[in-house]
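In what follows, a single structure is set out as structure tokens and then discussed.
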Amino acid sequence: MKNTIIRDIRLFEEKTRGSFPSYIGERYSVNKSIHFLSARYSRKLRELDFITRDFHHLYIVQTPFLAEGEIVESANRPEKWMEFFYIGVSPELYNLKSKEEKENFTIKLITNVLNSIAISADQLKIVDQVFQNLVKLRSNLEINHLTKDTKKHTIIISYQIRPENKISRAFIKCLDKKTGITRKSILIELKSYEDIFYIVSTISESNGIIILKPRNSETANFHIKSYETPLKINIDEMPII
């Protein structure tokens, strides 16, 4: 199976030695926002084309049955598109940490696993770039979804996953190639950050209006049914930044 670009990172725990991993939250006390953190990490890596060998779902399992920080790739692989990596973490020490300390710990933990599977120096640079961005921007990290170059403009659709624990939202940015003026505004609030993948599939521009068309599929219809589509944005009405 050929190398593939990452799609998802999820966090698990090993409750008893040899048991099948379950989502983290019993042996290791976590806030549910920790799962948004791993989603930010994976989506930003995907934007930058981070390669995860022959799988695209990376499942990280915290376990007390390995030495602290030791990483072991699982021999158990239920599906070819997923891979489990176990990493030693003391529940006693972990559970003493504050919410912020746990987030910092998790960012570093994910980074360590990613560094262990990176296939080249360039891929390691991608990991470091995302790590630095997450440490600096936290939940305000912005992830690019789609970019379109027209004759007059560069148009970028991006999104945030639960910034400051608020609703996820998408942005639109428009750079005028002639004047250098950049405009940006909130495009839409998202019930789920994944909705943006279906709401905006193509970008076009006509007479100063940007038109964002959705995907056309049964799955897409489920995600976009509560939104008005296609989206139309008047460039002149967007604020200059």
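When the stretch 21-59 is examined, which residues are found to be farther than 18 Å from residue 72 by Cα and among the small types (Gly, Ala, Ser)?
25, 29, 33, 38, 39, 42
Return a yes/no flag: does the stretch 18-28 have any residue that is exposed (fewer than 14 other Cβ atoms within 10 Å of the Cβ) and under 16 Å from the mean Cα position of the chain (by Cα).
No, every residue in the stretch 18-28 fails to be exposed (fewer than 14 other Cβ atoms within 10 Å of the Cβ) and under 16 Å from the mean Cα position of the chain (by Cα).
Table: residues versus (1) among the polar types (S, T, N, Q); (2) touching a helix residue (DSSP H, G or I) at 6+ places or on another chain (Cβ under 8 Å); (3) modelled with pLDDT of 95 or more.
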residue	(1), (2), (3)
135	no, yes, yes
144	yes, yes, yes
163	no, yes, yes
178	no, no, yes
192	yes, yes, yes
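Is it the case that the stretch 160-183 has a residue that's of a type in the set (Ser, Thr, Tyr) and touching a His at 6+ places or on another chain (Cβ under 6 Å)?
no
State whether the residues of the stretch 53-74 include one that is more than 17 Å from residue 115 (Cβ to Cβ), free of Cβ contacts under 8 Å to residues at least 12 places away in the same chain, part of a loop (DSSP other than H, G, I, E, B) and of a type outside the set (Ser, Thr, Tyr).
no
Answer yes if at least one residue in the stretch 132-144 is basic (Lys, Arg), free of Cβ contacts under 8 Å to residues at least 12 places away in the same chain and out of contact with any Leu (no Cβ under 7 Å at 6 or more places or on another chain), and no otherwise.
yes
The values are calculated or read from the model by the stated rules, or taken from the named source; none is laboratory data. All values derive from a computational prediction rather than experimental measurement. Counting neighbours? That spans all protein chains shown, and the Cβs are built from the backbone with ideal geometry, glycine included.
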